[in-house]
Amino acid sequence: MAEKEKNPFARFLTHYTKGQVLFREGEDGEEMFIVQSGRVAIKKKVRDGNEATLAVLEKGDFFGEMALLERLPRSATAEVIEDGDLIKIDNEVFGDMIKANPEIAIRMLRKYSIRLRETTRQIEAALAGGGALPEAQEVQPAQAAATMQAEALCYFIGNSSGNMFPVFKSDSLLGRFDSVTGSRPEIDLTNEDQSRNISRRHARLVVKDGRFFIAEEIGTMNGTYLNGNKLANGVLTPIADGDELMLCRLGLTFKNNPHQKA
């Protein structure tokens, strides 16, 4: 009973084993899936007839919503590559799911926004270049090294691991890599959060007039605490050297850089 109260969609939970194909590219479908445990590979056919893996999804990731929302054939194949539990959602419970977990709705909107922005960028580039799409520019190692050598404005230290996470931008997101949208936060805590408790867009650090502020992102579900006090959603709160920031169960210590002027 306690488990059902904690997860209202537990009754839609199904266990899948490695190698099971949830759906194939081109098939009709009216369900989407949310990964609770295990991993799922999203694959697409390429020119030589083989399948290329587009993404590997894990706890908290969702997929298959295109068929549910647009009633179009599946655009890719989904295969379980590690035993786990998935929530299977159809049209009847989709509305309830969005109400119970607004983070899913926000990420879904963000996913389509990124897709639309990329499509627009490609169209504009094609028109500007006489119809030819430009090739992707590869970031040279020297460029990446030069960026990493820049002096950080401040940094966070993982309380358990001791790992350091430098902050180079005056507006930086803290969270995890999002396999659904392909976006990565400026302060990537994916490897630090092995339990996958924090949100992909969990909090934001902002630097204004030489002062540092932290705010919980809209849609974050698992709580953000500064020195033991829960932060209000979307409200900038001052953060100072030595303060402890808790993202769900992940503890970080904030350190100002005395040699850097914000």
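The values are calculated or read from the model by the stated rules, or taken from the named source; none is laboratory data. From a predicted model like this one, the values you see are computed outputs, not experimental measurements. Cβ: placed from backbone, ideal geometry, glycine included. Neighbour counts: every protein chain shown. Just the protein is used for accessible areas: all its heavy atoms, side chains included, with ligands, DNA and RNA removed. Shrake-Rupley method; radii C 1.70, N 1.55, O 1.52, S 1.80 Å.
Summary table below
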item: Protein-only accessible surface order, largest first, of Lys43, Lys18, Lys169, Lys255 at 1.4 Å; result: Lys18, Lys169, Lys255, Lys43
item: Principal semi-axes in Å for segment 163-262 [√(5λ), Cα gyration tensor, largest first]; result: 20, 15, 13
item: Accessible solvent surface per residue of segment 16-113, calculated while the other protein chains remain in place, 1.4 angstrom probe, Å²; result: 51 Å²
item: Lys/Arg +1, Asp/Glu -1 at C-beta; segment 180-259 dipole; positive extreme among Leu236, Leu247, Gly182; result: Gly182
item: Heavy-atom SASA rank of Tyr225, Tyr155 (probe 1.4 Å, accessible area, largest first); result: Tyr225, Tyr155
item: Largest to smallest accessible area among Val80, Val46 [probe 1.4 Å]; result: Val46, Val80
item: Residue-span extension gain [Arg11 to Glu70] - 0.36 nm each, minus C-alpha spacing; result: 18.7 nm
item: Carbon and sulfur %, accessible surface of segment 55-114 computed with the full protein complex present, 1.4 Å; result: 55 percent
item: Cβ-derived FRET efficiency at R0 35 Å, Asn50 paired with Asp85, nearest 0.05; result: 0.75
item: Solvent-accessible surface (1.4 angstrom probe) belonging to Glu30, in square angstrom, nearest 10; result: 100 Å²
item: Carbon and sulfur %, accessible surface of segment 167-237 computed with the full protein complex present, 1.4 Å; result: 44 percent
